[in-house]
Every structure is written in C-alpha cells, then in structure tokens.
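Report on the structure given below.
Bear in mind these aren't lab numbers, they're just calculated from the coordinates by the rules spelled out. Keep in mind the model is a prediction, meaning the values are calculated, not measured. Reconstructed Cβ throughout: ideal geometry from the backbone, glycine too, with neighbour counts over all protein chains shown.
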Amino acid sequence: MILPAHNEEESLPVTLDELRRKAPDVAVLVVDDGSRDATARIARERGVPVVSHAVNLGVGGALQTGFRWALRHGYDIGVQLDADGQHDPGHLHALLAPILRGECDVSIGSRYVARTGYRAPVARRLGMVLFSGVVQLAVGQRITDTTSGYRAYDRAVMEICQYDFPKDFPDAPLLIDLARRGFRLAEVPIEMRAREAGRSFYTLGKSLYYPYKNLLASLMVLLKRPG
Amino acid sequence: MEFLSRTQIISALAAVGLALYVLDLVRRRRLSEEYSFLWVVASAAVAILGFSTPLLRAITRTLGILYEASTVFFLGLAFATAMLLYLSVKLSRLGQENHALTRELALLRFELEELRGARPAGTPPAGGGGPA
C-alpha cells in the first residue's frame, strides 16, 4: 500500500487509521514527498514506515520511490492510495481481485465505471472525457477514469515503472505506455469521497499545463516504438 | 576596400571581449570546457564577420537582408536561441538526474534508519526539514 503524501498532516491520521481498521493485514508505506509539515512524524507515530524525499518531486516521483521500496521488500503487488482520504480502503479486495485472478496487470479504481456517488467539477469532467478518449484511441480500450489515484500494479509493472515513470501526472500517458508494453488494464468501480483536508495535487495553476503536458506525452508514447 | 562601419567595429570588439571573458572563466574553472565551446565559436564567428566586410556582404545578400549589421544581430539572435534550447535540454536531463538521486537518497536514508534500529516514535527524521 503506497501513499504518496505532500503536506497531508490533516488527512493522513484519518486515512492511516481507516487503513489499519479496514485492511489490517496489508503493509503500508507513506512516501513523504518533501512535506514541510508533520506528515512524516504522524506516520511514524502510527508505526508506518516512511520514506522521505528531501524535496517535492510530485505524485509520479513518490510512486516511483514506493515501487522501488515495494520491490526491494519483496512485495508482488503495489497499491497506490491517495493520502487525502478520497479512497476507501474497504474497496481494496475488489481492486486486487482481477490481479489476483491473473486477469490484468494494472487494476484501476474508477469513479465512473458504475454510477457512484462522485460528481466532479465541469472542467474536470471535460478533462476526463478528453483523456478517456485519448486512451481509447491509442490503445482501443475504454478507461473511464484515467486520473484515478487508486490503482494496483503487479510486480512486472512495478519493475518497469521504478525506472520509467511520468514525473508529475501518472495518468493517460502512463496507461497508454503500459498497454503498449503488453500489460493488461482493468477498471473496478470504486466509490470516492470528498477530500478529508489539504490541497489536491491538481491545482488551478496546473489546470492549463495539465492538458498540454498529457496530450503531448500521450502523443510521444504513441510515437515511441512499443518495446 | 571599404571602411568598416562603426556598428561592425563595436560588435566585433564586443565579440572579442566576450571570447576572452569566456576563456578566462574556463581558466578559473568557473565554466566547463563543454559549455565554453559554443560561446567561443559563436563569438569568433561574430568577430570574423565584424572585420571581414566581403564575407558579411555575401551572407547578407544570400539571406536577403538589407543591412550588414542586421546580419550580425540576426546571427547573434539565432545563436542565443540555439543556446537556450541547448540549455533547456541540459536542464531537463539535470532535473531527471536530480529526481533519481532524490528518490535513491530517500530509500537509502530509510534503509539506514532501519539498520540503526527502530527510532523512538516522535523524533524528527534525520536531515528532514531544515535546509542543507
């Protein structure tokens, strides 16, 4: 269980406590991505191992660190879970099921596969439709929730991703890249909640850069020869 | 033989001055040879064009530019653009390396703390927080 956390001191305690309650037998790692608050201390106080970046690298960098940690500690599946409390650890078994059954390599907890309680802002929804379309065009598979931060990756995927991973937004381009490498993706309906506290990684300032970056990166992944 | 225009002389002298300064930076090890190369070549080019009117004339005519001085500035601007692009590439690579190092450092620090045994809860992480 990998939790990328950047200044999440407010929501982290709730998330960690819920994790312990609902998934007590799962190893948890907090990747403190250059936080300037008590994020790392809060996790340590709860006995959760913490890997701390000296500077802020972004979600992608935090995940990459998490993958390498998981691989070095011999784990076969890595699960990404947002520290802000949006994701219910109670869905963990549903998320893991397709990987455990050997049906896919990456399992994505999706807000949109089935009708769930989640309603995103309009701009966000537009982006979701756009990048869902980009992924479908690129790999011929429908992934409705490309930005989900609740995903499970098997060992083979983590092996690749520990070296080659998008730095800031591990979304559509990552999924396209993985699909073209021959990994199978699957979506699992998940309910998401509003954030507990803190700031989303996707802030207003990034809202212009985000579509540009991910469209360009998606294109580049497509131009790259599948390997 | 025509007289050199004032603009030509000034840009040529500036180019020579720049080349000397770049070489001095290299001598004092403030600038690596790799980066100095482009600067020296470029300032040499401007200096040559500044002194050699026929060559500058020929280039100006070929490019369809009206004034010789404009050619010098055009080439300078082209060089500056190329240099900026080159630096952006270098910066991207530096960023990637920095990224990888930060991740590896974090993992190594984790392992170090593990090896030292469980630290008492509530103690700040080694090296965390304060600036280096």
#### Entry: Peptide ranges A:64-75, B:33-44, A:127-138, A:80-91 listed from the most packed, as the mean C-beta count within 10 angstrom indicates
A:80-91, A:64-75, A:127-138, B:33-44
### Query
Averaged over peptide A:36-42, how many Cβ atoms belonging to another chain are found within 10 Å of each residue's Cβ?
2
### Summary
Once the mean of 1/r over all distinct C-alpha pairs in region A:2-223 is inverted, the Kirkwood radius in Å reads 17.4 Å
### Task
Just add up the charged neighbours of A:Leu95: K/R +1, D/E -1, any other residue whose Cβ is under 14 Å from the Cβ of A:Leu95.
-4
### A:Arg155-A:Ala123 pseudo-label distance in nm [points 7 Å out on the Cα-to-Cβ vector]
4.4 nm
## Note on the structure
From the Cα centre of region B:89-111 to that of region A:137-173, the distance in Å is 21 Å
### Query
Over all residues in A:160-169, what is the mean tally of Cβ atoms on other chains that come within 10 Å of each residue's Cβ?
1
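Counting pairs on different chains as well as pairs 8 or more places apart, how many Lys pairs in the protein assembly as shown have Cα atoms under 19 Å apart?
Lysine pairs meeting the criterion: 5.
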### Query
By how many nm would the segment from B:Leu94 to B:Ala44 lengthen if fully extended, with 0.36 nm per residue of separation less the alpha-carbon distance?
15.1 nm
### Rg/Rh for region B:6-82, where both radii come from Cα atoms and Rh is the Kirkwood radius
1.03
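Determine the shielding of peptide A:53-62 by partner chains: average, over its residues, the number of Cβ atoms on other chains within 10 angstrom of each Cβ.
On the way: counts 8, 10, 5, 1, 6, 1, 0, 1, 5, 2.
So the per-residue partner count for this stretch is 4.
Of the listed peptides A:13-24, A:169-180, what is their order by residue-averaged count of other C-beta atoms within 10 Å, with the highest listed first?
Descending packing order for the listed peptides: A:169-180, A:13-24.
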